[in-house]
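Here's the structure, in structure tokens; my notes come after.
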Amino acid sequence: MDINPFEFLHFIIFFLDNCLCRNFFTDPLQKIKAEIPKTQWKFLQYEFSTNHLDIHRFRYQAQSIVIEAGASVLGEEALENANIPFSITEIDLHEAVKNDLNQTINNPGIVNGSITFQRTLRYDEILNFLKEVPKRSTSYRYISVEAIGKSFENRDIQMVKIQHPAAKSIMFFDAGIHGREWISVMTALYLIVRLIEADRNDDINDVNWYIIPCVNPDGFIYSHEQFPFQRGNRNVTDCPPPCSVCGVDLNRNFGYKWGVDGLTSNNCSLTNPGSHAFSEPESKALANTLEKYAKDIQLYISMHSYGCDFLLPWTYEEKPCDDADDLNKAADRSAALMNSFKASPQCRFDVQTAGIMPNAGSSEDYAKGALNIKYVYTLELQSGGQSGFYPLEREIQDSVLQSYAGIKDITHYIHTETGRNQEMGRRMLEQSRRKSGCREIYSVNLSLYILFCFISALS
Ligand SMILES: [Zn+2]
């Protein structure tokens, strides 16, 4: 039997870690900041996959990757051993989460059928709200809610469709693919609220909107009730004790270039990519839905947190996609608009062109690579709270308002631009037909002329 020495070493370290009864739920987890040379991304990826560094936010700079992360004692040791300078923010993340949540827990979630955006809704509240949404259909807007599939724990994954009679193009959004990224779910809900309140003349009625506010309901609920840092779904198969983190990272489970960045499958990891591509019902349901509507989807944005970034394909490798300039142009103006909002001073939106720290198996790469959807982004949203994932009342309201402005802008730009390109393409096609028509007439005339000359010469 061939034994890969790296994998064997990985197994030994992982085994020892767990035998020492480390527990991600309860062990001290310090918030740190570090600037890591780009050449060290494999180190970073490895520490993430072993839960020593739980990367909350990353940003590429010229020669480095700047991260905010939750670091266990082993994570701090690993940074020291690799001679990577880092600063400890003196934030105990377990305490920070409690403080963040305590500050919003008593706020009302829904009043008279309207979401207050004073705190993150619980999943049952979201379902109650979605039940009422189709009643807001009008003569110029048809709203429906449908289940695109089931989660691992058998919950429906809901999608809201807001369609307009004359529109054909679809703007497709999802949120909550990672359980703990609550602001993304609230942003999707805010988008739905604004769309169903829009009047007849609003230009958002020019397109259809398909929005999945919570791709990973099991992980979302688990992050509320059990473990606030839950990223993955709740597939607990092959995740026996002493694993303290269970679930598959759905954004590493899509079937385009799955696993090419060499992640070993570690079932107790925050970045567990699953046993194979599309092993999880949630990623499969989302992929099937994207595929079903792909030919009409002009824009796909997968919303995450936290950071302030539009991330462009590819995420599986360092190389940007071929039309990155087009994607960059669309996102750049939207980022500039978002930066004009007051929520922004601490977090300037930026466009990041390609994955220096590869993350294969993302929904973004699948939409672009397998389905050929042109405008595809991961949008890292501004969140809040001391912990970073659990924004307070003011932060929720500022963030959703800011994101809505950016989304509306990029949607309008892409719809107009794509329409213009289609119109230009149609005109070019017509022109080329006309030209080739002229050539045909010319060539017929020339042939007749030559034939006439030939007959004349004979006679
Ligand atoms: Zn995420």
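The values are calculated or read from the model by the stated rules, or taken from the named source; none is laboratory data. Remember, it's a predicted structure, so these values are computed and weren't measured experimentally. Cβ: placed from backbone, ideal geometry, glycine included. Neighbour counts: every protein chain shown.
See the values below:
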read-out: Residue in region 229-238 that is in contact (Cβ under 8 Å) with a residue 40 or more places away in the chain and among the hydroxyl-bearing types (Ser, Thr, Tyr) present; value: no
read-out: Positions within region 203-216 being away from the ligand (no atom under 11 Å from the Cβ) and assigned to a loop (DSSP other than H, G, I, E, B), in sequence order; value: VAL207, PRO213, CYS214
read-out: Checking LYS31 against (1) more than 17 Å from LEU270 (Cβ to Cβ); (2) basic (Lys, Arg); (3) not in a helix (DSSP H, G or I), the condition it does not meet; value: (1)
read-out: Helices (runs of 4 or more DSSP H) contained entirely in region 92-202, each with at least 1 residues that are within 16 Å of the ligand (Cβ to nearest atom); value: 182-197
read-out: Pair list, Cβ under 6 Å, 6 or more apart: region 300-311 residue touching a residue at least 40 places away in the same chain (Cβ under 8 Å) and of a type in the set (Ser, Thr, Tyr), other residue more than 9 Å from the ligand (Cβ to nearest atom) and assigned to a strand (DSSP E or B); value: TYR300/PHE172; TYR300/VAL376; SER302/ASP174; SER305/LEU381; TYR306/ARG57; TYR306/GLY388
read-out: Search result, residues across region 315-327 that are at pLDDT 95 or above and within 16 Å of the chain's Cα centre (by Cα); value: LEU327
read-out: Meets criteria (modelled with pLDDT of 95 or more, buried (at least 24 other Cβ atoms within 10 Å of the Cβ) and in the same structural domain as ARG119 (by TED's automatic domain parsing)) for SER387; value: no
read-out: Boolean, PRO273 is more than 23 Å from PHE43 (Cα to Cα) and not aromatic (Phe, Trp, Tyr); value: no
read-out: Positions within region 375-399 being of a type in the set (A, V, I, L, M, F, W, C) and within 16 Å of the chain's Cα centre (by Cα), in sequence order; value: VAL376, LEU379, LEU381, PHE389
read-out: Given (1) within 16 Å of the ligand (Cβ to nearest atom); (2) among the polar types (S, T, N, Q); (3) assigned to a loop (DSSP other than H, G, I, E, B), index of the condition SER302 fails; value: (3)
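Residue-by-condition table, conditions (1) surrounded by 20 or more Cβ atoms within 10 Å (Cβ to Cβ); (2) within 19 Å of ILE55 (Cα to Cα):
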residue	(1), (2)
LYS257	yes, no
SER269	yes, yes
GLN298	yes, no
THR315	yes, yes
ALA324	no, no
ASN328	no, no
